[in-house]
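The structure appears below as structure tokens.
The values are calculated or read from the model by the stated rules, or taken from the named source; none is laboratory data. Being a predicted model, the structure only gives us computed values, none of them experimental. We place every Cβ from the backbone using ideal geometry, glycine too, and count neighbours over all the protein chains shown. With ligands, DNA and RNA removed, areas are computed over all heavy atoms of the protein, side chains included. Shrake-Rupley method; radii C 1.70, N 1.55, O 1.52, S 1.80 Å.
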Amino acid sequence: MSHILKFLCFLLFLSCSDNIIPDCNYITDYYPKIYEAQLNYNQKEYREAFELYSEAFEICEPKNTVGIYEMNKYAEISAILEKEELALNFIEKNLAQGMLLRTYTNNPVFSNVLKTDRGKNIIANYDSTRAKYLNSLNLKLRSEIQEMMKADQTHIQDQEKRNIIFQRNTKRLIEIFENVGYPGNDIIGPYNVDFSNSDISILLLHTSDSIRINYFIPKLKEYVKNGDCDPKTLGMVIDNLHLFNNELQIIGTYEKREENMISDKELVNQNRLEIGLPTLEVDEKL
């Protein structure tokens, strides 16, 4: 086992020894229920999915995890189960958090609930709801991050110049983490704000090994626990470090994982669960 693998395994399990347990740990209290609910949703077992989503939302503030969109599915299931007010509640929550109105007006499942007086009122007030949401975001920071991402992709043929850009972006990213927090959907908004990518993953993948191991990975783990960062982002940051050093990935977030992942799938599953990802078997089903 390499020194990097040993150190990362230590970081992954470090939180288990903490004496102070937060009221909500998204890794242990939220994501396992969300993945199980998603499986039920995919099989059209809506009542079972509804119960699991409800349990997760009672413990932790509901999120719309990229690729899962659990709040949106909860609204849909509520409409299917004829829980009209609950469906409308979550439509309002989703719109207030940046979901586009057409997500609901284009889905026949919501046809009846949107025909109610409250539904019509939600549609009528959408422009003001959207404006309020956009005003709540740090759009200046969003633009800055997008410029950082553009700079990251320049000077492809000159590694020395690229390294200077990587170092500058790393320094700024640390400042953002320390002063603002994780610049995810809650702070700078999702893709649909301007239909341009603002996901900082590429910037994280171009940090040096030492800074990534000693700063970014522990920091991201805390952000995942708090529900601010997608667990897959953390997994990719860890796996990329291994692949870049000609080692095998230990989380299994990259393609062809059967070829470039450690053979101990039990350990991989343990590593995945420790950062809020589903097991390999559940991931395949999802």
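Here are a few things to note about the model shown:
- Amide H contacts under 5 Å for Gln249, placed H, 5+ residues apart: Met261, Ile262
- Angle in degrees between helix 159-179 and the longest Cα principal axis of the chain, rounded to the nearest 10: 50
- Pairs of Lys residues in segment 48-154, spaced 8 or more positions apart or belonging to different chains, with C-alpha separations under 23 angstrom: 17 in total.
- Crossing angle, helix 126-136 versus the chain [Cα axis fit, 0-90 degrees, rounded to tens]: 30
- Residue-by-residue Karplus 3J(HN,Hα) for segment 112-125, coefficients 6.51, -1.76, 1.60, Hz, glycine and proline x: 5, 5, 7, 7, 6, 4, 5, x, 4, 5, 4, 5, 5, 9
- In segment 142-236, the chymotrypsin sites (Phe, Trp or Tyr not before Pro) that fall in loop regions by DSSP, at most 10 other Cβ within 10 Å: Phe195
- Taking θ as phi - 60° and the Karplus parameters 6.51, -1.76 and 1.60, the scalar couplings of segment 142-149 work out to 4, 5, 4, 5, 5, 5, 4, 5 Hz in sequence order, x denoting glycine and proline.
- Only lysines eight or more places from Lys256 in sequence, or on another chain, were considered; those with a Cα closer than 20 Å are Lys232, Lys265, Lys285.
- A 1.4 Å probe run over segment 143-286, with the rest of the protein chains in place, finds 50 Å² accessible per residue.
- Going by accessible surface with a 1.4 Å probe and the largest first, Cys229, Cys24 read Cys24, Cys229.
- Ignoring aspartates and glutamates fewer than eight residues from Lys44 along the same chain, the ones with Cα atoms less than 13 angstrom from its Cα are Glu36, Glu76.
- On Cα atoms only, tilt of 265-274 relative to the major axis of the chain in degrees: 60
- Note, ³J(HN,Hα) from phi for segment 207-215, Karplus 6.51, -1.76, 1.60, rounded to Hz, x at Gly and Pro: 9, 5, 4, 5, 5, 5, 5, 8, 10
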